[in-house]
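Participant: Pasting a structure here, questions to come.
The values are calculated or read from the model by the stated rules, or taken from the named source; none is laboratory data. Since the structure is predicted, the reported quantities are computational estimates derived from the model, not experimental observations. Note that each Cβ is placed from the backbone with ideal geometry, even for glycine, and that neighbours are counted across all protein chains shown.
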Amino acid sequence: MIELALSNWVVRALILVGIFALVALIVFAVSNTATRRLRVGRELARLGGEVDGKTAETLTRQRTEGVWAKMVNRIEAGGLDLGDTAESEIAKLMRSAGYMSATAPRVYTLVRLILIFAFPGLYILLALSQPEMPSMGRLYFVCAILAVLGLYGPNLFVRAKADRRRQEIINGFPDCLDLMLVCVEAGLGLESALDRVGREMALSHPRIATLLTETTLLMRAGANREDAMRKLADRASVDEIRSFTTLLIQSDKLGTSLATTLRVYASEMREARRLRAEEKAHRLPVLISIPLVVFMLPAMIGVLTLPAIILAIRQVVPALTGG
């Protein structure tokens, strides 16, 4: 490997680029850490003073608009439209994965476009660094596979993250209902119960706590209870929470007891969680049988039949052949 690096200029160039990128990354991390307090102080000072309405920005936009969002805005300002024909479906998928920013679908499209060209480009650079260049057919085939991987890789990643987020919310929601039931039976209203449960579950179930806290802030900002509940269901993108919000809206309109509603739904959620656990437990024998058949069963068959096979080769076969 060292002789190849000394003899090939492409490898030396790649090593130098890697060292430069590593040093630049370290310098960027150190400078970012050193200037963070200064930047926060400047922002607080600017927000505390009088700011012209034309140049003022909301704190939420400054928090959510990161480097990727700024890159998307610059690219679209240059004339390249990153919109998609199925942008509503992409936005729904991004919200289910936890990306609530308005620019998330366009960032998703930009990442896919970058990876389509980045993966084949890296393979071509690695192929150029080899002593022998691969054939054109192999180069074309591998680049096509890497381009397809760059196209569908982000989709698989986002869907996997959405499934993990949905599973975490579903597993922690019965505990949320129990705490909310305790708060309502203690005399708290719905808004106070959501706020209290959100603060109590900040460590055990942070995703549910974030949803409840945002709903509480939305109610305190002046939104009515129905709109806040419907937005909670949209942000969660989970059927259980959507049913729960619909149940709360109907209970509020009909004037039924909130504690009774929470008690019945909490019991159903606990039963559903128990059934999911039993389903996973019943799947274990089937899953265990796969390595049993593939690895253990051939070894057991070999151990049991090998002495008989050796005996047959030594005694039965010579007797049949007259040896």
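Participant: Going residue by residue through the stretch 272-292, is there one that turns out to be within 30 Å of residue 224 (Cβ to Cβ), of a type outside the set (Ser, Thr, Tyr) and surrounded by 11 or more Cβ atoms within 10 Å (Cβ to Cβ)?
Facilitator: So in the stretch 272-292, the residues within 30 Å of residue 224 (Cβ to Cβ) come out as 272.
After this cut, where a residue has to be of a type outside the set (Ser, Thr, Tyr) as well, the list is 272.
Remaining after also requiring surrounded by 11 or more Cβ atoms within 10 Å (Cβ to Cβ): 272.
Yes; the residues of the stretch 272-292 include at least one that is within 30 Å of residue 224 (Cβ to Cβ), of a type outside the set (Ser, Thr, Tyr) and surrounded by 11 or more Cβ atoms within 10 Å (Cβ to Cβ).
Participant: Sticking with this one: Return yes when residue 177 is farther than 30 Å from residue 112 by Cβ and part of a helix (DSSP H, G or I) and no when it is not.
Facilitator: Details: farther than 30 Å from residue 112 by Cβ: yes; part of a helix (DSSP H, G or I): yes.
Criteria met by residue 177.
Participant: Being over 30 Å from residue 170 (Cβ atoms), assigned to a helix (DSSP H, G or I) and not aliphatic (A, V, I, L, M), is that true of even one residue in the stretch 143-155?
Facilitator: yes
Residue-by-condition table, conditions (1) of a type in the set (A, V, I, L, M); (2) over 24 Å from residue 100 (Cβ atoms); (3) crowded, with 17+ Cβ neighbours inside 10 Å:
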residue: 171; (1), (2), (3): no, no, no
residue: 192; (1), (2), (3): no, yes, no
residue: 203; (1), (2), (3): yes, no, no
residue: 211; (1), (2), (3): yes, no, yes
residue: 238; (1), (2), (3): yes, no, yes
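Participant: Within the stretch 244-265, is there a residue that is in a helix (DSSP H, G or I), at pLDDT below 85, assigned by TED's automatic domain parsing to the domain that holds residue 182 and in contact with a Pro (Cβ under 6 Å, 6 or more places away or on another chain)?
Facilitator: Within the stretch 244-265, none of the residues are in a helix (DSSP H, G or I), at pLDDT below 85, assigned by TED's automatic domain parsing to the domain that holds residue 182 and in contact with a Pro (Cβ under 6 Å, 6 or more places away or on another chain).
Participant: Answer yes or no: is there a residue in the stretch 117-140 that is touching a residue at least 12 places away in the same chain (Cβ under 8 Å), outside the structural domain of residue 268 (by TED's automatic domain parsing), crowded, with 18+ Cβ neighbours inside 10 Å and within 22 Å of the chain's Cα centre (by Cα).
Facilitator: yes
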